[in-house]
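Below is one structure, written out as structure tokens; comments come after it.
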Amino acid sequence: MKIVPSLAFLFASSLFGVFLSAAVAQERPYVVTYDHYLEEPGNLEVEYFSTFGTQHNGNDFHSYWMEFEYGATAWWTTEFYLDGQTTFHDSTVFSGFKWENRFRPLKHEHWINPILYVEYEDVNGTDKTLKEVIGHDVESDFLESNAETRREHERELEFKLILSSNFKGWNVSENIIAAKNLSNVPWEFGYALGVSRPLRLKASATRCTFCRQNFSAGIEMYGGLGDRYSFGLKDTAHYLAPVAAWNLPSGWTLRLSPGFGLNDNSHRLLLRWGLSREITGFGGMVSRMFGGRS
Amino acid sequence: MKATLSTLAVCAGLLAISLPLASQEKGSKVGIKPNADVYAELAKAPEKARNRLNPLENDSEAVAAGRLLFEDHCAECHGDKAEGGKKGPNLRAPEVQNSTPGTLFWLLTNGVVRKGMPVWSKLPEPQRWQLIRYLKSLGVPQEPGSASSQIPR
């Protein structure tokens, strides 16, 4: 079964991350929305995310992905994803990979901070990660069995304009999404909005696991905006999801987000959770392996 | 399958490029350059930012909290004692210690993105001020010439 080596690889990668030195992360709770913060240069963040989704008139599913997020420079973060899913009463499949890059065009902080995002994805039709909702992506798309959909192959370029601001401890982020399937499919559009805040803004003078400063919470909303020929809200799905994150002093971050479908085209529930760990000095370590200085 | 493999090869290639690029960027920031260059960014703080006062100046816990924040987020680059590391300059140098709290806050908030220092506005404002309190509490080392001679090389 092809999925076995993939999962073994994911497991090995995660273990690899556990034994390297970790940094205390200061992560936002968002799962779908991006803010303007990039990975620190030379650090690697290894993340695992799960989504349990309900399916009307079909089988519920559990999709999951691994993210390897590397800070190439202070203005460029590159990220590699491996995706898979299990549809209950059906099968478990590896659905493909994604490679994304985020660039910070401005040198300083402003009221609104833009980030440019470019992603290439190579997935089959079984992809159910719902990392973003675009075009006319609706719940009924997921009714077909894995055996049927895995024959479909999608190569897609996705662009996002990420806008993000901070005000009195609050972060407000807006993502405008445009995606183009590299076959003859029109441009598709989507959005994601997020608001979040740490539960306490000041740090405490002692190390603590359950301090309020380690928790942040917020809400995000995301959905499709149709395509080039039918732009708008008609036949699109939308979600509203409270989000929460817990940054542990050991370097781990836990995220939880129950997402609720806002119309008949949406899955009723998308329950997401994720676990991540930031590995400091990864770039320097790899560089030294190949005889580099740092 | 062939297309997937070639795409993966391109991704791996680009990732391989990014690793030395990251190292090079950091290298350009450390002691190879004279002090004036390393600390030049401090002089770019606008007047208004420079004159800001630390609202936690009288907070009795700020230094201790700032020390923990420094260990978590800054020591990796600037060294455990803030005397400079492989990537970041000495923060006990007179150029830093003689800067106003507002200047340091401005630099921390904006980073020096093109030279490898990320923006730290992801830390809430009070935490950045706590960090500044800790940095200012370190002072310049007493031994003559020890601070400026400890710029990492």
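Bear in mind these aren't lab numbers, they're just calculated from the coordinates by the rules spelled out. What you see is a predicted model; the values in this text were computed from it and never measured. All Cβ positions, even for glycine, are placed from backbone atoms using ideal geometry, and neighbour counts span all protein chains on display.
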Each residue of B:100-108 has, on average, a number of other protein chain C-beta atoms within 10 Å of its C-beta equal to 0
May I ask you to compute the full-extension gain from A:Leu269 to A:Leu143, defined as 0.36 nm times their residue separation minus their alpha-carbon distance, rounded to one decimal in nm? 43.8 nm
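How high is the FRET efficiency between B:Ala43 and A:Leu161 when r is their beta carbon distance and R₀ equals 35 Å, given to the nearest 0.05?
E(calc), rounded to 0.05, equals 0.60.
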Taking the Cα-to-Cβ direction at A:Cys211 and at A:His89 and moving 7 Å from each Cα, how far apart do the two end points lie in nm? 5.0 nm
What's the angle, to the nearest 10 degrees (0 to 90), between helix A:3-18's Cα axis and the longest principal axis of chain A? 20 degrees
Please list B:79-88, A:153-162 highest first by mean number of surrounding beta-carbon atoms within 10 Å per residue. B:79-88, A:153-162
Once you wrap a convex hull around the alpha carbon atoms of the range A:52-188, what is its projected area averaged over all directions, in nm²? 9.7 nm²
Starting at the first residue of the range A:163-172, write each ³J(HN,Hα) from the Karplus equation 6.51 cos²θ - 1.76 cosθ + 1.60 with θ = phi - 60°, in whole Hz, x for Gly and Pro. 10, 8, 9, 10, 8, 6, x, 8, 10, 10
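Return the average number of partner chain Cβ atoms within 10 angstrom of each residue Cβ along peptide B:109-115.
Mean number of neighbouring Cβ atoms from other chains: 5.
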Tell me, what is the percent relative contact order of chain A, built from C-alpha pairs under 8 Å that lie six or more residues apart? 22 percent
May I ask you to compute the full-extension gain from A:Glu154 to A:Trp111, defined as 0.36 nm times their residue separation minus their alpha-carbon distance, rounded to one decimal in nm? 11.7 nm
At what distance in nm do the modelled label points of A:Leu182 and B:Ser60 sit from each other, each positioned 7 Å from its Cα along Cα→Cβ? 6.4 nm
How large is the Rg to Rh ratio of chain A when both quantities use alpha carbon positions and Rh follows Kirkwood? 0.96
Per residue of chain A, what 222 nm ellipticity follows from adding -39500 (n - 2.57) for every DSSP H run with n ≥ 4, rounded to the nearest 500? -2500 deg cm²/dmol
From the phi of every residue in the range A:92-102, what ³J(HN,Hα) in whole Hz does the Karplus formula 6.51 cos²θ - 1.76 cosθ + 1.60 yield, where θ is phi - 60° and glycine or proline is x? 10, 9, 8, 9, x, 9, 9, 10, 10, 9, 10
Just tell me how shielded B:75-88 is by partners: mean number of partner chain Cβ atoms within 10 Å of each residue's Cβ, no decimals. 2
